[in-house]
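Data block below; observations after.
The values are calculated or read from the model by the stated rules, or taken from the named source; none is laboratory data. Keep in mind that this is a model prediction, so the values were computed, not measured. Cβ placement follows ideal geometry from the backbone for every residue including glycine, while neighbour counts extend to all protein chains displayed.
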Amino acid sequence: MVTKKLVLKFPKKITEQPIIYKLIKDYNLVFNILKAKVDPDKGGLLVLELSGEDKDYAKGIDYLEKLGVKLQPLEKDITRDEKKCTNCSACIAHCPTGALYIKDRKTMKVEFDKSKCILCEACIPVCPVGAMRVDY
Amino acid sequence: MPKTYEEINEKIKNKKAVVLTAEEFIELVDEKGLGKAAKEVDVVTTATFGPMCSSGAFINIGHSNPKIKITKAWLNGVSAYAGIAAVDLYIGATEIPENDPANSNGKGFFKYGGGHVIQDLIAGKDVKLKAVAYGTDCYPRKELETWINIKDLNEAYLCNPRNCYQNYGIAINKSNKTIYTYMGVLKPNLGNASYCSAGQLSPLLKDPFYKTIGIGTRIWLGGAQGYVYWHGTQHNPHVKRNKNGCPIGGAGTLAVVGNLKEMNPDFIVGTSMHGYGTTLTVGIGVPIPILNEEIAKYAALKDEELEVSIIDYSEDYPNCKSSDLGTRNYKELKSGKIIIDGEEVPTASLSSYPKAVEIANILKKEIKSGRFLLTKPLQLLPGTDWSEKFKPLKLRKKGE
């Protein structure tokens, strides 16, 4: 069994195909959509958590790649500009998973654990200096 | 044995001054006792780095040919005050572009405003200037559009009427909907508590009765040597104090000035508060000369001895009501949670403690190297015996 959070980028020529339907039906994969944005003129973007048996998962990924879907693990997508971040901590109260947190209460430095980030983007508007960014 | 400013400066010039940050001084007092620490240490450095809305910069752009007496001006689309002589402008931190939707189309993001213009100028970026005028015989030009750069300006100096608040209330939201404030986004039903002070490092909390800080005090301002030029607007020494002398709310403020051309964009940062507006995050370091044991005692106050009131921003703050939710100290605030009405509320700071530590250490280094001498204030800040009282605005008819 494997579970991974992925960012899928669709070229515009395949936005009309029932890709997700096929992932369920032909590859037995279970998914949870975290974010979706599809524009028939520009292509699509889908952030999802995908689970299934190892073999099915590998086949499903292979299917997506052959279709021209670009795949990347979710954790790469929210970035913190380390030069801009002032370590104020305004973000931590808004991060629902504790991906942004303070480990050392003496230094009060704000840590960012990307593995806990679910790409909800709550940190982005609340950062006073625009240090948090989504890159697709 | 009391010390004088002259004696301390002599030691600084000879690179023999003993300088500690307020954090280090607290540890030394714990270790050696107040008397010994007060004798050994000459200067304690304090610092803060947080959003300070009452900030802005004066610039003189130089005369064009033919000349113009500007009546309205914009820097990168942000209006600058031009109601002073021909080519002097004041760009305020909270000014937003006229075409910014602000809060008219959902809560605004306020990505760019006066604070950002100031940071761009410091960073050496070209800034677009547009200006209009009605034209006079001596200043015939009626419009202007060009690019300016800080290096070409005659003068550019930060001149902030109210910075460095002595203390600041803890913001919470008792209502059942999210609110967007200058203290950040406050989640409903006590979802979070936002504070904004460096606590035990914060300048006016380490000299609570203004025994060393006043007009002419040389400070570290955004990377440059600046000065306190007056008490800040809304300066209020009469705020209720705890047993350690710490005012439990806003209280004292500083008006500060410094050369923008010598500043560093890492310490003067354009800032956006979601649903509220733009501002400027300002880094300030203030040296406290340890002239005697009393000054040392205050400079050694710790987070747990410094407390501040909780204020509800959904109903009480906008309507000038007191919140009656008690006080919490900075040790509690920095722990990550406080208890309010039996509920655990996560805390977060708008002011950066790590940046304040960095500034206190830079200032310490500057003083130790002999480059930063202390100044004796020409006049101390108004203290608890001040006759002026902090007043609200009364709405009235003429003559009432």
*The listed residue being in contact with a helix residue (DSSP H, G or I) (Cβ under 8 Å, 6 or more places away or on another chain), among the acidic types (Asp, Glu) and on the phi < 0 side of the Ramachandran plot, out of B:Asp42, B:Asp120, B:Asp88, B:Asp126*: B:Asp42
_Show me the strands (runs of 3 or more DSSP E) entirely contained within the range B:178-256 in which 2 or more residues are of a type outside the set (Ser, Thr, Tyr)._
B:184-186, B:218-221, B:224-231
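Name the single residue, out of those in the range A:120-136 being among the charged types (D, E, K, R) and within 12 Å of the chain's Cα centre (by Cα), that is farthest from the other protein chains (Cβ to nearest Cβ). Lay out the reasoning, then the answer.
Restricting attention to the range A:120-136, the residues satisfying the condition of being among the charged types (D, E, K, R) are A:121, A:133, A:135.
Those still in the list that are within 12 Å of the chain's Cα centre (by Cα) too: A:121, A:135.
On the way: A:Glu121: 12, A:Asp135: 17 Å.
Applying the filter and picking the extreme gives A:Asp135.
Can you work out which of the residues in the range A:98-108 that are among the hydrophobic types (A, V, I, L, M, F, W, C) and more than 7 Å from every other protein chain (Cβ to nearest Cβ) is surrounded by the most Cβ atoms within 10 Å (Cβ to Cβ)?
As a first pass, look at the range A:98-108 and keep what is among the hydrophobic types (A, V, I, L, M, F, W, C): A:99-100, A:102, A:108.
Within this subset, residues satisfying the condition of being more than 7 Å from every other protein chain (Cβ to nearest Cβ) are A:99-100.
On the way: A:Ala99: 21, A:Leu100: 26.
Across the range A:98-108, the extreme among qualifying residues is A:Leu100.
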_Residue tally, condition crowded, with 17+ Cβ neighbours inside 10 Å and within 14 Å of another protein chain (Cβ to nearest Cβ), over the range B:219-276_ = 13
*Out of the range B:40-80, which residues are within 17 Å of B:Ala156 (Cβ to Cβ) and without any contact (Cβ under 8 Å) to a residue 12 or more places away in the chain?*
none
_Meets criteria (of a type in the set (D, E, K, R), in a strand (DSSP E or B), buried (at least 18 other Cβ atoms within 10 Å of the Cβ) and away from every other protein chain (no Cβ under 14 Å)) for B:Arg141_ = no
*asked:* Checking B:Lys376 against (1) in contact with a helix residue (DSSP H, G or I) (Cβ under 6 Å, 6 or more places away or on another chain); (2) outside any loop (DSSP other than H, G, I, E, B), only one condition comes out false. Which one?
replied: (2)
*Members of the range A:88-113 that are of a type outside the set (A, V, I, L, M, F, W, C), over 20 Å from B:Ala356 (Cα atoms) and touching a Leu at 6+ places or on another chain (Cβ under 9 Å)*: A:His94, A:Asp113
*Taking the range A:85-97 only, how many residues are more than 15 Å from B:Ser335 (Cα to Cα) and either without any contact (Cβ under 8 Å) to a residue 24 or more places away in the chain or more than 8 Å from every other protein chain (Cβ to nearest Cβ) (or both)?*
5
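Take the residues in the range A:54-76 that are charged (D, E, K, R) and out of contact with any Lys or Arg (no Cβ under 9 Å at 6 or more places or on another chain), then tell me which one is nearest to the other protein chains (Cβ to nearest Cβ).
Within the range A:54-76, the first condition is being charged (D, E, K, R), and the residues that meet it are A:54-56, A:59, A:62, A:65-66, A:70, A:75-76.
Now narrow it down to the ones that are out of contact with any Lys or Arg (no Cβ under 9 Å at 6 or more places or on another chain): A:54-56, A:59, A:62, A:65-66.
Values: A:Asp54: 39, A:Lys55: 43, A:Asp56: 40, A:Lys59: 42, A:Asp62: 40, A:Glu65: 36, A:Lys66: 40 Å.
Checking each candidate, the answer is A:Glu65.
Residue by residue through the range B:343-368, note down the ones that are closer than 13 Å to B:Glu23 by Cβ and not charged (D, E, K, R). Don't jump to the end; show me each part of the working.
Step one: of the range B:343-368, the residues closer than 13 Å to B:Glu23 by Cβ are B:353-354, B:356-361, B:363-364.
Across the range B:343-368, the qualifying residues are B:Tyr353, B:Pro354, B:Ala356, B:Val357, B:Ile359, B:Ala360, B:Asn361, B:Leu363.
Search the range B:338-357 for residues being outside any helix (DSSP H, G or I) and facing chain A (nearest Cβ under 7 Å), and hand back the single one that is surrounded by the fewest Cβ atoms within 10 Å (Cβ to Cβ). Before the answer, list the steps.
Residues of the range B:338-357 that are outside any helix (DSSP H, G or I), as a first pass: B:338-352.
From what's left, facing chain A (nearest Cβ under 7 Å): B:346, B:348-352.
Working: B:Pro346: 16, B:Ala348: 24, B:Ser349: 27, B:Leu350: 24, B:Ser351: 25, B:Ser352: 29.
So, considering only residues that are outside any helix (DSSP H, G or I) and facing chain A (nearest Cβ under 7 Å), the one surrounded by the fewest Cβ atoms within 10 Å (Cβ to Cβ) is B:Pro346.
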_Need the failing condition index for B:Tyr298 against (1) within 14 Å of another protein chain (Cβ to nearest Cβ); (2) closer than 29 Å to B:Gly216 by Cα, just the number._
(1)
_Can you tell me which of (1) more than 20 Å from B:Leu280 (Cα to Cα); (2) within 14 Å of chain A (Cβ to nearest Cβ) is the one B:Lys107 doesn't meet?_
(1)
*asked:* Testing A:Asp26 on (1) modelled with pLDDT of 85 or more; (2) under 21 Å from the mean Cα position of the chain (by Cα); (3) surrounded by fewer than 16 Cβ atoms within 10 Å (Cβ to Cβ), one condition comes back false. Which one is that?
replied: (2)
_Yes or no: the range B:151-160 includes at least one residue that is within 14 Å of chain A (Cβ to nearest Cβ) and assigned to a strand (DSSP E or B)._
no
*Quick one: what pairs do we get from the range B:1-23, first residue aromatic (Phe, Trp, Tyr), second part of a loop (DSSP other than H, G, I, E, B), C-beta under 6 Å, 6+ apart or different chains?*
B:Tyr5/B:Leu374; B:Tyr5/B:Lys376
*First in the range B:168-182 and more than 24 Å from B:His235 (Cα to Cα) and assigned by TED's automatic domain parsing to the domain that holds B:Ala198, second anywhere and among the β-branched types (Val, Ile, Thr) and surrounded by 21 or more Cβ atoms within 10 Å (Cβ to Cβ), Cβ under 8 Å, 6 or more apart*: B:Asn173/B:Ile179; B:Thr178/B:Val185; B:Ile179/B:Val185
*If you take the residues of the range B:179-208 that are of a type in the set (S, T, N, Q) and more than 13 Å from chain A (Cβ to nearest Cβ), which of them is surrounded by the most Cβ atoms within 10 Å (Cβ to Cβ)?*
B:Ser202
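Can you pull out every residue in the range B:264-294 that is hydroxyl-bearing (Ser, Thr, Tyr) and not in a loop (DSSP other than H, G, I, E, B)? So that I can check it myself, show each step before the final result.
Going residue by residue through the range B:264-294, those that are hydroxyl-bearing (Ser, Thr, Tyr) are B:271-272, B:276, B:278-279, B:281.
Listed by number, the residues that qualify are B:Thr271, B:Ser272, B:Thr278, B:Thr279, B:Thr281.
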*Any residue in the range B:54-74 that is touching a Gly at 6+ places or on another chain (Cβ under 6 Å) and either buried (at least 22 other Cβ atoms within 10 Å of the Cβ) or under 30 Å from B:Lys368 (Cβ atoms) (or both)?*
yes
